[in-house]
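Quick notes on the structure that follows.
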Amino acid sequence: MTESVPEVVAAHLPADAGAAHAGAASAGAAATAEPSVATTPEGAALAPTADHPGQADNAARATRDRGNRGRRGGKDRAGRKPDGAPAAAQVPAPQRVHPALEQLAGLYPHLFGAVFRPLKRGIFQDLLAAHPDAFEREALKVALGIHTRSTRYLQTVAAGEQRHDLQGQPVEAMAPEHVHHALLEVYRRRKNQKGRPTEDLLPKLRNRMIAAFEASGLTREAYTELVVGRDDAANAILEEAFAEWAARNAKAEALLRAFEASGSTLEQFADMYGMDPRSTGQQLERARKLAAAKVAPQADGGAAD
């Protein structure tokens, strides 16, 4: 039976949150991530990496152990030798990139290199078929798990980019639920990032949720059914985004009515209300699209009759 695992997006949610895209990437970089429940595109076991707190904790313990060994070797708590000379500074060893990830970055820099691209489902089998002797199966699973759990990879999913094959060609659209859960996961990681300046990230998250919803082309009901999980806090943020979306629509529709009644040009109308013509034009276009979307179902119903 072919070995394969559903591709989903990692989120700080229970199992229904879907699968994640988070981990280290090219031979030179590894992104920082928070713990999350996820599977990889091919069900890779998730090895500790710089993207996983397990590796960060191990590194921290190793650093403390080195310090303790140093003190046992004759250094005091100030890091000085008995003769008062300062001890050499302890420099943590750089995180090692998984060897299979280094191979992938060399073979497919357009997917695993400086720029990440979302991977098509079934990429694990494609890689084994293309390089039957280059990768050990389990090592490749682990490497893909690391890669698809990286914050950098998650960001490409959250942006709604299409999935790509080994040739770097877009082959399928990203599922709306994967985009949604990636947005939540990136938000959670940024919010919990140590040393980050205090910043309200929720408005940005709501804006991106609205954009993702509109890009899906789904109704509110259909979209909600796809993305809502068991995390009440995440569901509440989505409801806030929908409320903001509805308020924007109402404002745009009122603006269109006022514009049509004014008999003015766009520039005259914007100047009349002290508005920017460009943003005014965008709101008017939004209102026209909303009106067309409301008319379309009615026309289809009439044709069916």
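Computed quantities for the displayed model
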| quantity | calculated |
| --- | --- |
| Only Lys, Arg (+1) and Asp, Glu (-1) charged, at Cβ; region 147-186 dipole about Cα centre in debye | 140 |
| Share of carbon and sulfur in the accessible heavy-atom surface of region 222-284 [1.4 Å probe, %] | 54 |
| Accessible area (Å², 1.4 Å probe, nearest 10) - Ser150 | 0 |
| Derived scalar couplings ³J(HN,Hα) [region 242-252; Karplus, 6.51 cos²θ - 1.76 cosθ + 1.60; whole Hz; x for Gly, Pro] | 5, 5, 5, 4, 5, 5, 4, 4, 4, 5, 5 |
| For Val171, distant residues with modelled amide H under 5 Å away | Arg163, His164, Asp165 |
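The values are calculated or read from the model by the stated rules, or taken from the named source; none is laboratory data. Note that this is a predicted model, so its numbers are computed, not measured. Cβ: placed from backbone, ideal geometry, glycine included. Neighbour counts: every protein chain shown. Areas reflect the complete protein model, heavy atoms only, side chains present, ligands, DNA and RNA absent. Shrake-Rupley method; radii C 1.70, N 1.55, O 1.52, S 1.80 Å.
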